[in-house]
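A.B. asks: This is the structure, below, for whatever I ask next.
The values are calculated or read from the model by the stated rules, or taken from the named source; none is laboratory data. What you are looking at is a predicted structure, and each value in this text was computed from that prediction instead of being measured. No Cβ is skipped: glycine too gets one built from the backbone with ideal geometry, and neighbour counts run over all protein chains shown. What goes into the accessible areas is simple: the full protein's heavy atoms, side chains included, and nothing from ligands, DNA or RNA. Shrake-Rupley method; radii C 1.70, N 1.55, O 1.52, S 1.80 Å.
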Amino acid sequence: MKGLLIKDLRLMKNMGNSLALILLMAVGMSFYIKDISFIVVYMAIIGTTLTSSTISYDEFDNGNAFLFSLPVSRKDYVLEKYLFSLLMCGVGWLLGSIIAIVAGAARHALVPAEGLMTAVALLPVAIGLNVVLIPLRLKFEAEKSRIAQIMVMGGFFLVCVLGAKLAERLGIDLNALGERMPAMSEGAGIAAVLAVSVVLLFISCHISIRIMERKEF
Amino acid sequence: MLRIENLRKSYGTFRLDCSMEVLPGRVTGLVGQNGAGKSTTFKAVLGLVKPDGGRIEILGKDSSQFGAKDKQKLGVVLSNAGFSGYLTIRDIVPVMSGLYARFDRAFFQEQARRFGLPDNQKIKEFSTGMKAKLKVLTAISHRAQLLILDEPTAGLDVVARDELLELLRAFMEQDEDRGILVSSHISGDLESLCDDVYMIHDGKIVLHEDTDVLLDSYAVLKMDEEQYRTIEKRYILRSRKESFGYSCLTNQKRFYSENYPKLAVLKGSIDEVIMMMIRGEAL
């Protein structure tokens, strides 16, 4: 696991210039965009896509065949990818949050505590990205996986929109339903969502291990 | 060290059905044409493909029980795969240290210098020969017990090939319980390195022989049609029609050179034997 992590970190070194550019863009955007959640999510997505890039590096030139002839099990490989992805996604989220909060405070457009709360509330979104993207990337080749990811994301939004329309047609007021939910503090709500995303992450990891164990190289 | 019993794997019309063994202290060669089943056999041993049937035992363990920890004892070269071309040797050293408990960093770095492998250049920019040297070096730098080498000398010039074969010989001399399974297109490598050779064709082992026996007792006999009609065919393994008459492969060279002094008896090389085993007809 340690060797694989070092490998991925070293591979990322190749993307140094692109990463610096992305960071610069985030700083630039923070001066114009009022909604800080955009920058936080943007950085978290970039962090997650780095994992996808390392998987592509591994696949290139039949590299996986060699990788699995080293003392690396399929399970080790998947666990390392999740760890690396959470690490990168976490770093992206942290950097995005810092940039957004500092820029917001500097422009007097945001109270730091509020910014922090928004950033924490977006953490499940960041984890959720990994839940969906990693198994899809492991299941399909780079190009197919991109299409699959778009379809899954599109499908998710479609279900949400259709669900809301259906509720409207049936006369169910979703806002009122939300208000009638047991009173829960904002912090507790975020903690609950966070807990759900961690559970989903474990399920996703389990699925990814199954995907890798079935593969032949 | 390695025992393969009736390993079966099918891809479309290709069927692999092979049995072979690598014993401690021995270097065993696997030869055959492209697509004969060499790489599939290697991949099945390494758990990269799932066999349809049969049994593989590696270092005393069934392959289904042979886990990542056990792979510490293997050194592997695959003909068409290696570390990502975007890494450098400087990147690989800590990766190998992280993966192998017994990685000999000093040996690896010293040999890399000896072979003139640049420390800070991306592997994808290496020449074919440099890549081949690096692959072998990574396979022998962690005190493995069994080496599984698929075409380790491909693309090397004569001098570099000799240096690598020397490294493999030194690897074997350090511990008499070590073993190597190696495939190669270059029969010279196999003749000078291997103790025994398996020949694979269309997914099946068609010949297994000690290299010494192969070189001493095998021969190709050249004869005209009249000689072919009268010759004793008991020790002829394969025969092939030629413009001048017939070529025949035998594993009893002395018998024919003593009893048929007029016959042209050509000393068997692995190349000749492969050619006759594959293109000749069994009598």
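A.B. asks: Just need a number here: residues in the range B:35-51 that are in contact with a strand residue (DSSP E or B) (Cβ under 7 Å, 6 or more places away or on another chain) and either more than 10 Å from chain A (Cβ to nearest Cβ) or in a helix (DSSP H, G or I) (or both).
C.D. replies: Final tally of qualifying residues: 10.
A.B. asks: Hey, can you tell me all the residues within the range B:88-100 that are closer than 9 Å to B:K122 by Cα and either among the hydrophobic types (A, V, I, L, M, F, W, C) or open to solvent by 20 Å² or more (accessible area, probe 1.4 Å) (or both)? Give the derivation first.
C.D. replies: To start, the set of residues in the range B:88-100 that are closer than 9 Å to B:K122 by Cα comprises B:88-89.
Result: B:I89, single match.
A.B. asks: Sticking with this one: Can you tell me which residue among A:G90, A:G128, A:G104 is touching a helix residue (DSSP H, G or I) at 6+ places or on another chain (Cβ under 9 Å) and more than 15 Å from A:I39 (Cα to Cα)? Give the steps one after another, and end with the answer.
C.D. replies: Numbers: A:G90 fails: more than 15 Å from A:I39 (Cα to Cα); A:G104 fails: more than 15 Å from A:I39 (Cα to Cα).
Result of the check over A:G90, A:G128, A:G104: A:G128.
A.B. asks: Something else now. How about the range A:98-131: which of its residues are touching a Phe, Trp or Tyr at 6+ places or on another chain (Cβ under 8 Å) and of a type in the set (A, V, I, L, M, F, W, C)?
C.D. replies: Initially, the range A:98-131 is screened for residues touching a Phe, Trp or Tyr at 6+ places or on another chain (Cβ under 8 Å), giving A:103, A:107, A:119, A:122-123, A:126, A:130.
Of everything in the range A:98-131, those that are touching a Phe, Trp or Tyr at 6+ places or on another chain (Cβ under 8 Å) and of a type in the set (A, V, I, L, M, F, W, C) turn out to be A:A103, A:A119, A:L122, A:L123, A:A126.
A.B. asks: If I ask for residues that are over 26 Å from B:P118 (Cα atoms), part of a strand (DSSP E or B) and open to solvent by less than 30 Å² (accessible area, probe 1.4 Å), which ones from the range B:52-87 would you list?
C.D. replies: Within the range B:52-87, B:G53, B:I56, B:I58 qualify.
A.B. asks: Check B:L207 against each of (1) of a type outside the set (G, A, S); (2) assigned to a helix (DSSP H, G or I); (3) open to solvent by 10 Å² or more (accessible area, probe 1.4 Å) and name the one condition it does not meet.
C.D. replies: (2)
A.B. asks: How many residues are facing chain A (nearest Cβ under 8 Å) and farther than 16 Å from B:K131 by Cβ if we restrict to the range B:71-95?
C.D. replies: 5
A.B. asks: Okay, moving on. Within the range B:96-134, which residues are among the basic types (K, R) and within 9 Å of chain A (Cβ to nearest Cβ)? If you could, list the steps in order and put the result at the bottom.
C.D. replies: Of the range B:96-134, the ones among the basic types (K, R) are B:102, B:105, B:113-114, B:122, B:124, B:131, B:133.
Within the range B:96-134, B:K122, B:K124 qualify.
A.B. asks: How do the helices (runs of 4 or more DSSP H) wholly within the range A:12-121 filter down when requiring 1 or more residues that are open to solvent by less than 40 Å² (accessible area, probe 1.4 Å), within 14 Å of chain B (Cβ to nearest Cβ) and at pLDDT 90 or above: which remain?
C.D. replies: On the way: elements: A:16-30, A:36-59, A:63-67, A:74-106.
Hits in the range A:12-121: A:36-59, A:63-67, A:74-106.
A.B. asks: I need the full set of residues from the range B:1-40 which are open to solvent by less than 40 Å² (accessible area, probe 1.4 Å) and farther than 19 Å from B:A144 by Cβ, in order please.
C.D. replies: B:L7, B:K9, B:L16, B:C18, B:M20, B:V31, B:G32, B:A36, B:G37, B:K38, B:T40
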